[in-house]
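The structure appears below as structure tokens.
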Amino acid sequence: MALKDITLGQYFPGSSPIHRLDPRAKLIGLILYIVALFLANQWLTYLIAFLVLALVVVLSTVKLRALFRGMKPVVFLLVFTAVLNMFYTPGRALASFWIFTLTYEGVVRAFFMVARILMLISCTFLLTYTTSPLALTDALERLLGPLKKIRFPVHELSMMMSIALRFIPTLIEETDKIMSAQRARGADFDTGNLVQKAKALIPLLVPLFISAFRRADELATAMECRCYHGGEGRTRMNQLRFRPADGLFMAAALLLCVAIGVLAHFGW
């Protein structure tokens, strides 16, 4: 797996209907969709969730190649989850060898679990692909605004999440450069056993941490030079305003959540 396959935190500018939605509406829609995914438990409910996700992908104009590339880092997790469910779920045996028994219920459950993880990751990636880190920060701060009354550091939390999302692609690019430089000096990160591979990462981690701390110090200095003192009294150049399309999007997400919950309750 190449580091360039990690696409979390990347933003693809565009003018699609999904791009133009209010980031608060997209966050609320994401939460409702995740709830719907965990309520789904049969073929029909999973099919409905998949069709809705496919529609959002089409409307967002995000290329499928970008989504598939982002899935590569979780291939091991998907395989591990599928194997555990196939061989450790009791039910009608399909095949058996040694201490492992493959069951029909295990195959079905493994399919549902893998589908749920894939759709969960896809909808999360769509949020970051179609929403800039700054817009996400503003949306999160506005949604958590009532917590300020109990002195919860809403602005600081939102700022930390924004900086973390913003610097994920930067750190990945920095890691790739350091690995290329180390390979040019004869380093080998691909061969050997697990312990040898871990030791080979030490020359990579040290300069990476130094670079990360240097960037953090430069960012702190830049914020201090601009008289940044937190969220008190700050204004925004772009004000967030709900539009009819945002209301329709949230209503559709709520309707999906309720519909899947009802169908799941009646065994569909």
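The values are calculated or read from the model by the stated rules, or taken from the named source; none is laboratory data. None of the values given here were measured: they were computed from a predicted structure. Cβ atoms come from the backbone with ideal geometry, glycine included; neighbour counts cover every protein chain shown.
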In the stretch 157-176, the residues that are closer than 10 Å to Thr137 by Cα, in contact (Cβ under 8 Å) with a residue 12 or more places away in the chain and surrounded by fewer than 18 Cβ atoms within 10 Å (Cβ to Cβ): Leu157, Met161, Ile163
If I ask for residues that are free of Cβ contacts under 8 Å to residues at least 60 places away in the same chain and touching a helix residue (DSSP H, G or I) at 6+ places or on another chain (Cβ under 8 Å), which ones from the stretch 41-66 would you list? Leu64
Selected residue (criterion: nearest to Val56 (Cα to Cα)) from residues of the stretch 93-133 that are in a strand (DSSP E or B) and of a type outside the set (Ser, Thr, Tyr): Leu102
Taking only pairs six or more apart or across chains, which ones have beta-carbon atoms under 9 Å, a first residue in the stretch 91-108 that is farther than 20 Å from Asn41 by Cα, and a second residue that is loosely packed, with under 11 Cβ neighbours inside 10 Å? Thr101/Pro90; Thr101/Ala95; Leu102/Ala95
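Take the conditions within 30 Å of Phe167 (Cβ to Cβ), aliphatic (A, V, I, L, M), outside any helix (DSSP H, G or I) and in contact (Cβ under 8 Å) with a residue 24 or more places away in the chain and apply them to Leu37. Does it pass?
Values: within 30 Å of Phe167 (Cβ to Cβ): yes; aliphatic (A, V, I, L, M): yes; outside any helix (DSSP H, G or I): no; in contact (Cβ under 8 Å) with a residue 24 or more places away in the chain: yes.
Here the answer is no, as Leu37 does not meet what is asked.
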Evaluate the stretch 64-86: report whether one residue or more is more than 30 Å from Arg243 (Cα to Cα) and hydroxyl-bearing (Ser, Thr, Tyr). yes
Do we find a residue being modelled with pLDDT under 80 and surrounded by fewer than 17 Cβ atoms within 10 Å (Cβ to Cβ) anywhere in the stretch 55-65? no
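Among Lys177, Lys148, which is over 30 Å from Pro90 (Cβ atoms), of a type in the set (D, E, K, R), in contact with a His (Cβ under 9 Å, 6 or more places away or on another chain) and part of a helix (DSSP H, G or I)? Show your work before the answer.
Numbers: Lys177 fails: in contact with a His (Cβ under 9 Å, 6 or more places away or on another chain).
After ruling out the rest, the residue left standing is Lys148.
Which one is surrounded by the most Cβ atoms within 10 Å (Cβ to Cβ), of the residues in the stretch 126-156 that are among the β-branched types (Val, Ile, Thr) and within 20 Å of Met71 (Cα to Cα)?
Of the residues in the stretch 126-156, the ones among the β-branched types (Val, Ile, Thr) are 128, 130-131, 137, 150, 154.
Next cut, within 20 Å of Met71 (Cα to Cα) only: 128, 130-131.
Numbers: Thr128: 19, Thr130: 25, Thr131: 21.
Per the stated criteria, the residue is Thr130.
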